[in-house]
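Single-structure report; data block below.
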């Protein structure tokens with residue numbers, strides 16, 4: 001089997017009010033392919049970039065350069081909610097912060113930090129999703145996890161007297177970070193309380209909103225997938241000769257001629273990018289020198 005028109009990359013701009021799974025379902029209908037995986041979900045109230053791999057390309061999910069992630073968020077101060085966003089119930093109120101205390105607090109949240117995930121999250125507790133337990137009124141106890149905040153900037157401060165009632169938060173972070181919880185911790189460190197009123201993912205590693213399609217376009221269909229090799233942005237690309245192509249589809253390693261621990265191996269005889277990507281491979285050392293061992297093969301033996 002050669003790569004098909006339902007193998008590839010799909011970038012979607014998710015609107016608020018639907019789940020990431022809703023987007024996946026729409027994509028399945030649009031491309032008529034059940035095998036669709038994502039490079040990180042978004043909360044229903046959030047908008048922005050969803051990275052989807054379709055068909056055989058789903059085998060590459062674990063290798064995506066989908067970090068760091070870049071978000072913009074709107075933060076309202078004075079009240080904390082159980083969901084840490086505008087859809088929750090207020091659980092705590094506190095005085096509004098000043099701009100100076102917010103900026104000082106933001107500086108303490110950059111780097112590798114311990115973050116307590118929200119109770120309303122997809123984390124598992126004794127085999128169940130935390131949000132399911134929270135919705136059932138059960139107490140949820142989650143352990144802090146280490147996350148990396150590369151950059152945190154505040155802007156568009158909305159004054160309330162000499163205090164701040166709202167602001168914009170710009171975050172560049174590693175995977176597993178909850179922006180809702182970051183806003184919560186920012187406010188607490190400034191002696192206040194907060195929740196998110198809006199959240200938008202603008203970038204995920206090498207993938208940007210500029211290349212995405214609106215959700216409505218996905219629903220209306222049809223859509224054209226980007227070739228699978230586009231999902232491997234950031235990796236070296238090594239062309240192969242016909243003999244190497246024949247070896248690779250049988251799982252046999254080939255000489256490594258480009259830098260990097262991993263590389264996309266391509267067959268230059270393919271007319272389109274979809275036909276050219278043969279495999280994704282990992283470098284290994286041997287008595288014959290550095291070799292690329294296939295990890296994901298995109299074409300069956302002829």
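Since every read-out is calculated from the coordinates, none of them should be taken as a lab result. What you see is a predicted model, and the numbers here were worked out from it, not measured in a lab.
Quick notes on this structure:
- Spread of Cα-to-Cα distances over 10 Å intervals beginning at zero, given as percent, for the range 4-113: 12, 31, 28, 18, 10, 1
- 222 nm mean residue ellipticity, helices alone, for the chain (DSSP H n ≥ 4; -39,500 (n - 2.57); rounded to 500): -5000 deg cm²/dmol
- With the convex hull of its Cα atoms as the shape, the range 2-68 has an orientation-averaged projected area of 4.5 nm².
- Contour minus Cα-Cα distance for residue 18 and residue 128 (0.36 nm per residue): 37.4 nm
- Once the mean of 1/r is taken over each pair of separate Cα atoms and inverted, the range 235-297 shows a Kirkwood hydrodynamic radius of 11.4 Å.
- Entry note: the range 69-204 has Rg to Rh equal to 0.96, where both radii use alpha-carbon atoms and Rh is the Kirkwood radius.
- 10 Å binning of all Cα-Cα separations within the chain, expressed as whole percents from 0 upward: 6, 24, 27, 22, 14, 6, 1, 0
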